[in-house]
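Here's the structure, in structure tokens; my notes come after.
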Amino acid sequence: MRYSKMLLPTSKEVPAEAEVISHQLLLRGGFIRKLTAGVYSYLPLGLMALRKVTAIVREEMKRAGAQEILMPMVQPGDLWMESGRWQHYGPELLRFRDRNERECCLSPTQEEVATDLARRELLSYRQLPVNIYHIQTKYRDEMRPRFGLMRCREFIMKDAYSFDADDEGAARSYENMRVAYSRIFARLGLDYRMVEADSGSIGGSYSHEFMVLADAGEDTLVLCRDCSYAANVEKAMVAPVLASAAGVPLEELRKVATPGTKKVATVAEFLKVPPQQIIKTMIYQIERDGPEPREFVAALVRGDREVQTVKLKNLLGANEVNSLTEDQVWEFLRLPVGFIGPVNLPLRVVADSEVMAMVNAVAGANEKGFHYQGVNPERDFSVQVTGDLRQIAAGDRCPHCGGLLHFREGIEVGHIFKLGAKYSEAMNATFQDREGRQRPFIMGCYGIGVSRILAACIEQNHDRNGIIFPMPLAPVQVILLNLGLEDEALTSAAEELYQALLAAGVEVLFDDRDERPGAKFKDADLLGIPLRLTVGRTFKQEGLVELRERKSGETTLLPVDQVVAAVQ
Ligand code: ATP
Ligand code: MG
Ligand code: MG
Ligand code: MG
């Protein structure tokens with residue numbers, strides 16, 4: 001690879017639209033280019049880095065016994081209607097019609113297609129278990145695509161789906177993926193934590209997220225100082241707050257709590273209290289990058305109509321809300337707001353889907369917009385803004401060892417779920433068991449944000465001069481600089497070294513551009529390639545090539561014939 005021939009447009013300017021460092025460096029290093037909001041092209045070096053991620057993912061999935069396939073990105077709406085998600089997925093699902101007026105969508109995830117495949121091809125228990133996966137483009141019409149590769153609308157995911165005959169088998173498949181994921185993230189050289197996540201169930205460990213620790217992360221993790229306890233803040237906080245508000249031990253609550261819309265109803269039933277009471281204890285979190293939260297909360301308390309309704313609608317997020325009139329939105333927001341502690345925002349992330357789900361549960365309707373009709377906010381539900389979650393949690397102790405909890409920001413790079421029979425039952429996906437009966441598959445699904453990993457890696461590995469790729473993720477291992485383009489001896493030595501490196505199978509980018517040494521050094525640092533070889537002054541004077549490690553800055557001088565061995 002000769003730099004002079006490559007599409008590798010680096011720049012010194014920090015792009016105005018890029019807030020986080022990974023976004024800035026990916027643009028400045030010429031790794032990616034934006035086509036439109038949340039949609040990017042990968043230029044050669046970006047694609048090479050991406051392939052490093054997928055190669056490791058493939059190796060570990062293979063080791064775990066998963067089979068690679070490739071499923072389509074365009075999907076028939078019919079399948080989504082069967083699973084029930086056509087109605088429930090919301091505006092992240094990009095829908096359209098084909099020339100025959102058939103409903104279609106772009107895949108944000110693949111449970112329907114995988115389940116459809118299984119019900120057609122996996123007919124007997126003898127064929128189970130099966131784990132199929134693919135690495136493919138996903139589309140989610142995110143409300144706020146941002147932070148470069150971190151939150152795109154079009155992005156690359158590895159998603160796997162497991163099919164088992166029973167719960168025990170499904171638990172083994174889940175464990176198998178948990179181990180594979182731990183291996184993958186360790187091999188990628190990322191500082192990560194596996195955390196218990198709320199999506200599967202409040203209590204069980206049926207869902208884990210893999211979080212790369214980084215301040216730019218959009219998730220908040222609760223970690224124990226004394227043991228390995230780690231959870232997503234939603235899981236760690238919502239359940240304890242609900243439990244203490246309802247006056248029951250957390251363990252009891254955890255036994256009954258189930259995900260999604262059912263949560264409120266089930267918990268309420270268990271506690272023998274009206275669902276309204278549960279709703280009242282809900283934490284309403286305010287998205288940190290929405291309208292200035294402090295201002296917003298103040299306006300909310302004053303009942304200030306000056307705050308734009310549009311912003312409020314955005315804040316609430318769900319599509320149903322967008323169909324409300326201004327009066328209805330205000331009706332919804334005109335709630336008794338009780339503060340616990342100071343309003344020390346920013347609070348993190350919305351639970352708006354959850355707010356909607358809970359409102360739904362109370363109003364008991366699925367019709368669009370219907371759940372707000374005839375609902376009296378004061379009578380039927382209220383929302384409490386609870387102030388700084390961190391303060392509430394400061395008093396909280398680790399549920400495992402009683403140690404003190406603390407917080408870190410994290411980037412979600414992987415997520416594994418136990419799905420049970422949710423999709424197989426809805427879509428009538430069954431196999432014949434040993435006794436000849438038809439039974440639904442017990443499923444799991446397992447995602448990795450392949451393209452997001454690039455951003456996460458850079459958030460963790462950079463300095464003021466640019467990226468510092470860990471070797472496993474580096475697009476190439478070595479950058480070779482020829483600093484004497486007008487000097488024949490230097491140029492032919494650099495050329496020879498380049499050929500020798502290629503012949504030895506070293507991945508090398510050869511900077512043969514007609515640029516000043518300063519510019520070449522700057523670009524080499526910006527691109528973050530782990531090893532830099534320089535054929536320049538020391539070669540001319542002493543016949544030595546300089547080897548510099550990007551991470552430590554350590555340099556060594558080597559005779560030409562030792563260079564290849566030193567970088568291998
Ligand atoms: P998030 O909470 O960040 O919105 P998610 O929980 O919606 O992510 P999953 O449905 O669990 O995402 O998808 C599996 C993985 O795909 C995530 O763990 C993440 O790494 C990646 N991913 C999800 N949404 C995006 C996105 N908009 N851009 C890039 N990667 C994404
Ligand atoms: Mg999401
Ligand atoms: Mg998530
Ligand atoms: Mg997730």
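Just so you know, all these numbers are worked out from the coordinates, no wet-lab data involved. All values reported here derive from a predicted model rather than from experimental measurement. Glycine gets a Cβ as well: all are built from the backbone with ideal geometry, and neighbour counts include every protein chain shown.
Odds and ends about this structure:
- Sequence of HIS406, HIS23 once ranked by neighbouring C-beta atoms within 10 Å, starting from the fewest: HIS406, HIS23
- Neighbour-limited loop hits for trypsin sites (Lys or Arg not before Pro), region 79-149 (at most 11 other Cβ within 10 Å; DSSP other than H, G, I, E, B): ARG99, ARG102
- When +1 charges are put on Lys and Arg Cβ atoms and -1 charges on Asp and Glu Cβ atoms, the dipole computed for region 101-191 relative to its Cα centre reaches about 480 debye.
- Taking Lys and Arg as +1 and Asp and Glu as -1, the other residues whose beta-carbon sits under 9 Å from that of GLU68 total +2.
- Note on region 139-183: the C-alpha convex hull projects to 4.6 nm² when averaged across all orientations.
- Ordering of 64-75, 446-457 by burial proxy (mean other Cβ atoms within 10 Å per residue, highest first): 446-457, 64-75
- Listed by Cβ neighbour count within 10 Å, with the fewest neighbours leading, GLU112, GLU549, GLU196 appear as GLU549, GLU196, GLU112.
- Pairs from the table (LYS52/LYS522; LYS52/LYS540; LYS12/LYS34; LYS52/LYS551; LYS5/LYS52; LYS12/LYS551) lying more than 26 angstrom apart at Cα are LYS52/LYS540.
- Distance distribution note for region 457-526: the fraction of Cα pairs above 16 angstrom is 54%.
- Region 49-108 shape via C-alpha gyration tensor axes, a/c threshold 1.5: prolate
- Ranking PRO472, TYR498, GLY536 by how far each Cα lies toward the positive end of the dipole of region 455-542 (charges on Cβ) leaves PRO472 at the top.
- The fraction of Cα-Cα pairs per 5 angstrom bin, counted from 0 for region 44-148, comes to 2, 10, 16, 17, 18, 15, 13, 6, 2, 0 percent, rounded to whole percents.
- J(HN,Hα) series, region 484-494, from Karplus relation 6.51 cos²θ - 1.76 cosθ + 1.60, nearest Hz, glycine and proline x: x, 4, 8, 9, 5, 4, 5, 4, 6, 5, 5
- Of the peptides 500-512, 411-423, the order by per-residue mean of other Cβ atoms within 10 Å, starting with the highest, comes out as 411-423, 500-512.
- For region 140-155 versus region 396-427, the gap between their alpha-carbon centres in whole angstrom: 22 Å
- Note that region 430-447 has calculated 3J(HN,Hα) couplings of 10, 10, 8, 7, 3, 8, x, 8, 7, 9, x, 5, 9, 10, x, 9, 8, x Hz, one per residue in order, obtained from phi through the Karplus relation 6.51 cos²θ - 1.76 cosθ + 1.60 (θ = phi - 60°); glycine and proline are x.
- Part-to-part distance (alpha-carbon centres) for region 45-119 and region 464-528, which is given in Å: 39 Å
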